[in-house]
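Let me begin by presenting the structure, written as structure tokens, before commenting on it.
The values are calculated or read from the model by the stated rules, or taken from the named source; none is laboratory data. Predicted model, so just to flag it, every value in this text is computed and none were measured. A quick note on method: Cβ atoms are made from the backbone with ideal geometry, for glycine too, and the neighbour counts reach across all protein chains shown. Note: areas computed on protein heavy atoms with side chains; ligands, DNA, RNA excluded. Shrake-Rupley method; radii C 1.70, N 1.55, O 1.52, S 1.80 Å.
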Amino acid sequence: MTQRIRGKRLIAAALVCTLAAGMVQGTNASTIRDAQDKINEANQQLNQTTGTISNIEKEQNSLQKEIDALDSELVALLLDIDVLKDEIAQKEQDIEQATADLQEAQETEKRQYESMKKRIRFMYERGDNALVESLLGAGSMADVLNRVEYFNQIYDYDRTMLNEYQDTVKQVASLKETLEQEQQDMVALKENQETLAMT
């Protein structure tokens, strides 16, 4: 072969090698760029995911605080309900006692009234004779005054006792009414608390 042909082949071979090297370099650069883009994209997704996780943790912390606060409120409500139940039970005992006191006062008033009626009837039936006989039976002026004073004391005693018992009946009836109202208020409050506890 001639020198010329060899030179041309060498030039052609050099050109082929140069083109091949350029293609290999172009392919490597493109692959590296794609890989770098994927790495950048993965880092962005990782940052977004980390941010999302951080937000979720903050929301969980906030929800946990709300749950703890609601738990505390529920415990307080349940304690209030127990206290109210005890107070209602005590009020019921107070009402029973007030009712018994009222009945006793009414019976005492009735007995006192009946006793006073008997004395009045006796004095009315005997008229002024009992007073006159008592006064005539006196041995001295001091005895007469003592007997008049005695009749006045009986009358005053009857009047005072009647007034006292009437006042007692009114007071006990008022106390019973007050206690019943307080019991109704407590029951309503207890029902309200129980309704709140269920929500």
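First select every other residue whose beta carbon is under 14 angstrom from the beta carbon of Q64; then total the charges, Lys and Arg +1, Asp and Glu -1. Each step should come with its number before you reach the end.
Working: positive: K58, K65; negative: E57, E59, E66, D68, D71.
Spelling it out: positives minus negatives among the neighbours equals -3.
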Anchor K170: aspartates and glutamates whose Cα lies under 14 Å away (excluding residues fewer than 8 positions away in-chain): D101, E104, E107, E109
Nearest-10 value in Å² for the accessible area of L78, using the 1.4 Å probe: 90
Gap separating the Cα centres of the range 39-82 and the range 148-178, nearest whole Å: 71
Per-residue HN-Hα couplings for the range 181-190 [Karplus 6.51, -1.76, 1.60; θ = phi - 60°; Hz; x = Gly/Pro]: 5, 5, 5, 4, 4, 5, 4, 4, 5, 4
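Using a ≥ b ≥ c from the Cα gyration tensor of the range 26-89 (square roots of the eigenvalues), is it rounded, prolate or oblate, where a/c under 1.5 gives rounded and otherwise the larger of a/b and b/c decides, a/b for prolate? Intermediate results must be reported in sequence, preceding the final value.
Numbers: a/c = 16.42, a/b = 11.49, b/c = 1.43.
Verdict is prolate for the range 26-89.
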Solvent accessible area, Å² - K58, 1.4 Å probe, full protein context: 130
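Taking the Cβ of T52 as the centre, find all other residues whose Cβ is under 15 Å away and add up their charges (Lys, Arg: +1; Asp, Glu: -1). Intermediate results must be reported in sequence, preceding the final value.
On the way: positive: K58; negative: E57, E59.
Computed value for this residue: -1.
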Residue-level accessible surface for K176, protein heavy atoms, 1.4 Å, Å²: 50
